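Shown next, in structure tokens, is the structure this report addresses.
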């Protein structure tokens, strides 16, 4: 019998503890005033490429202060494109809740995530990566909770 040895790459340890990933990042709801302030005049001057495994995406971002809080606005351009296509497909099928007016109102915030963070000196790219880790943990537990 022949055995196959697999080589595994060592995992890169995050310097930020899991408790910070779960509590130091707060996604802001689109209805909150802090989110509306951060997304007003939605110009996103910064950009980076986010890579995870074989996936990669272009992410636009900006940082701002809302009161004393650090708020980051991210737009995953690939996700935004998919959301627009999905909305337009629903419109084409004649789904009544999907209208041209609704599309024009929603399209600027498609693919946008607004995060409030206590991580003051952490680069935007790392905050986004931590948020993606947090999201993966959340969906994993939701899967088991809701079946």
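Screening residue 50 on (1) surrounded by 18 or more Cβ atoms within 10 Å (Cβ to Cβ); (2) in contact with a strand residue (DSSP E or B) (Cβ under 7 Å, 6 or more places away or on another chain) shows it passes everything except condition (1). Checking region 103-117 against the condition returns a match, with at least one residue being within 21 Å of residue 58 (Cα to Cα), over 13 Å from the mean Cα position of the chain (by Cα) and surrounded by 13 or more Cβ atoms within 10 Å (Cβ to Cβ). A Cβ distance below 9 Å, combined with a sequence gap of six or more or placement on separate chains, defines the contacts here; from region 100-118, residues that are closer than 12 Å to residue 80 by Cα reach residues that are in a loop (DSSP other than H, G, I, E, B) in the pairs 108/42; 109/30; 109/42; 112/30; 112/42; 112/44; 113/28. Given the criteria within 14 Å of the chain's Cα centre (by Cα), outside any strand (DSSP E or B), surrounded by 13 or more Cβ atoms within 10 Å (Cβ to Cβ) and modelled with pLDDT under 90, does residue 16 qualify? Taking the combined requirement at face value, the residue does not satisfy it. Of the residues that make up region 33-42, is at least one closer than 21 Å to residue 117 by Cα, at pLDDT 95 or above and in contact with a strand residue (DSSP E or B) (Cβ under 9 Å, 6 or more places away or on another chain)? Scanning region 33-42, I find no residue that is closer than 21 Å to residue 117 by Cα, at pLDDT 95 or above and in contact with a strand residue (DSSP E or B) (Cβ under 9 Å, 6 or more places away or on another chain), so the answer is no.
The values are calculated or read from the model by the stated rules, or taken from the named source; none is laboratory data. Since this is a predicted model, take the numbers as computed values, not measurements. Every residue, glycine as well, gets a Cβ built from its backbone with ideal geometry; the counts of neighbours run over all protein chains shown.
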